Amino acid sequence: MIRIRRIHSSALPRDRDGIEQARQTLCQHFPRLAAYADGFADMLDQPLRHGHRTAMLVAEADDGKVTGFALVFHLPAVNVCLLDFIAVRGELRGGGTGGALYEAVREYCRQVGANGLYLESLSDEPAVNPSREALEANRRRMRFYESYGVRPIVGTRYEEPLRPTSAPPPVSLLFDGLGRGGPLRRDEARAAVEAILRCKYGRQAAPGYVERVVASFTDEPVRLRPPRYTAAGNGSRQVAAGRLEKTFAAVASTHHAIHHVHERGYVERPARVDALLESIRGTGLFTEVPPRHFGEGPILTVHDRDFVTYLRTVCRTIAGSRPLYPYVFPVRRPERRPKELAVRAGYYCIDTFTPLDANAYEAARASMDVAVTAAEEVLAGRRVAYAICRPPGHHAGRRTFGGFCYFNNAAIAAHRLSREAKVAVLDIDYHHPNGTQDIFYERPDVLTVSIHGHPNEAYPYFSGFADETGQGAGLGFNRNLPLPDGCGERPYAEALDKAAGLIQRHKPAVLVVSFGLDTMKGDPTGSFDLRPHAMRQAGARLAALGLPTLVVQEGGYSLRNLKRGAAAFFGGMAAGLEAGQRT
């Protein structure tokens, strides 16, 4: 199976490598276009500068090597797409990569709602091909496109050279109706052709050239050449889904279910993951990716070894099914730790309701695997990756656990991402992420922003105040936006806009969202008055930041809210991404 993914920008190393391999492939075919290929990254990063949105689709082998690419322009003013280039590495022609790429191009065009796809191809007329070899190559190309119902537009001056003194081989303009049916109307074609010519040749064409070519579209409807290589009457083939890798990936583990505390009132239960999976599967947005296993290494990048060793040791020595709750909380002095493991729980814990049991360590490590796998999906080019983590993590600090959290999944993943690119973490759980703040409080490379219930009224009470802004090198890189009890949609949206502004000023390459649905009305642990509409708006607002995004599940303890809230949030993200593609 050929993997085809979209590269959105040059922000991440994997994407920069893909862009470079695409550049090399183009230069292999067209050495004279080296300067043009050098601008690929700028086209992707600065769409407004070029007047169109550029999509680069790359076909990749299992080792990450790019086997071919397509460059597509979406022209939003006329809502059509132009296939600028499609190229396969020279030694791999004939292996199906070209067909897979073209099908992915058509799928992309359908995703952005384009009214049609235009492309150029060298003419296959014998009179204008000086060599038999060139004629056969052009015929093969035309035959390929015609198999999709794509046909040259005839009866216009499009094939005329840009300037009277230049005499390049004639180029035909082809049209793919993307299976829509019905003829191509003259006014529609004129608007599209004018946009295409100004996009591609605005600086090269002689004065009046664009106007002359556009005026030559006089037929109503526009005439397309009859099929030459396929059966007569062959119309535009319907666009099929599945060639282009989905924008959204979800990662979950069944291993979370081993951590099931059968205590009345313990709301962090296995059914939460089932509810979230049911919700996102209903959206049709996600590819589900199994978690990979990373051992303790990633955990130790943000948590003290002594703390991790304690959790592993005490959980493996707990006998029976009865959980151990911390009950003695000494003043934390590194030189005064109780010898008895059960008593020492209070040395590492911040509350009395987060138990340790025989499976807590294994479940927490599996939850970390989910987060790191999702982070790797982002680094591999996925636009949105959702880590359905259980147990959650944002209350776990460098050497503390609590709030149902043992290891800080979001912080571990953010640290992993920070080795490759600049990162911002936004926590939108109802409760302040005291653990995440603790881990990054003195670091300037990871911005942490949190919107949460005011600590005067909400757990964890002793952190999350607005004046906590970082320390040492991290001063100014931690921002808290506490909100009062009963907060509704308007003040929440204002806080989210403020958080988005802080993130934009930081200029990260990747966004990590600690996602809690305990902000919704009716959650047993929260007091905000947010409905699914607010979750949808939040998803759209974060998508508008235009960043590869890792979403890590934190809280949310009403199963009904989990189902409604997750669908709304990711539906909003999808709508926000689609809106960004159209502008």
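Odds and ends about this structure:
- Antiparallel content of DSSP bridges confined to the stretch 3-215, in %, to 5: 90
- At 0.890 mPa s and 25 °C, Stokes diffusion of the stretch 175-313 via Kirkwood alpha-carbon radius, µm² per second: 110
- Relative to the Cα centre, the charge distribution of the chain, modelled as +1 at Lys and Arg Cβ and -1 at Asp and Glu Cβ, gives a dipole magnitude of about 800 debye.
- With respect to the chain, whose longest principal axis is taken over its alpha-carbon atoms, helix 305-317 is tilted by about 70°.
- Packing-based order for 263-271, 560-568, 150-158, 308-316, using average beta carbon neighbours within 10 Å, highest first: 560-568, 150-158, 308-316, 263-271
- The alpha-carbon atoms of the stretch 3-215, seen along their principal axes, cover 47, 41, 38 angstrom, with the largest extent given first.
- Neighbourhood charge, 14 Å Cβ-Cβ cut-off, centred on VAL210 and excluding it, Lys, Arg +1 and Asp, Glu -1: +4
- Degrees separating the helix 360-379 axis from the principal Cα axis of the chain, which is the longest one: 20
- Positive-end residue of MET520, PRO130, GLY90, charge dipole of the chain with Cβ unit charges: PRO130
- For the stretch 504-583 versus the stretch 385-446, the spacing of their alpha-carbon centroids is 17 Å.
- Near LEU178: Cβ cut-off under 10 Å, other residues only, Lys/Arg at +1 and Asp/Glu at -1. The net charge is +2.
- Dividing the convex hull volume of the alpha-carbon atoms in the chain by its residue count gives 167 Å³ per residue.
- For the chain, calculated [θ]222 nm from helices alone, where every DSSP H run of n ≥ 4 adds -39500 (n - 2.57): -11000 deg cm²/dmol
- Folded to 0 to 90 degrees: helix 132-146 orientation relative to the chain principal axis, Cα: 50
Bear in mind these aren't lab numbers, they're just calculated from the coordinates by the rules spelled out. Here the structure is a predicted model, which is why all the values come from computation and not from measurement. With ideal geometry, Cβ positions are generated from the backbone for all residues, glycine too; neighbour counts draw on all protein chains shown.
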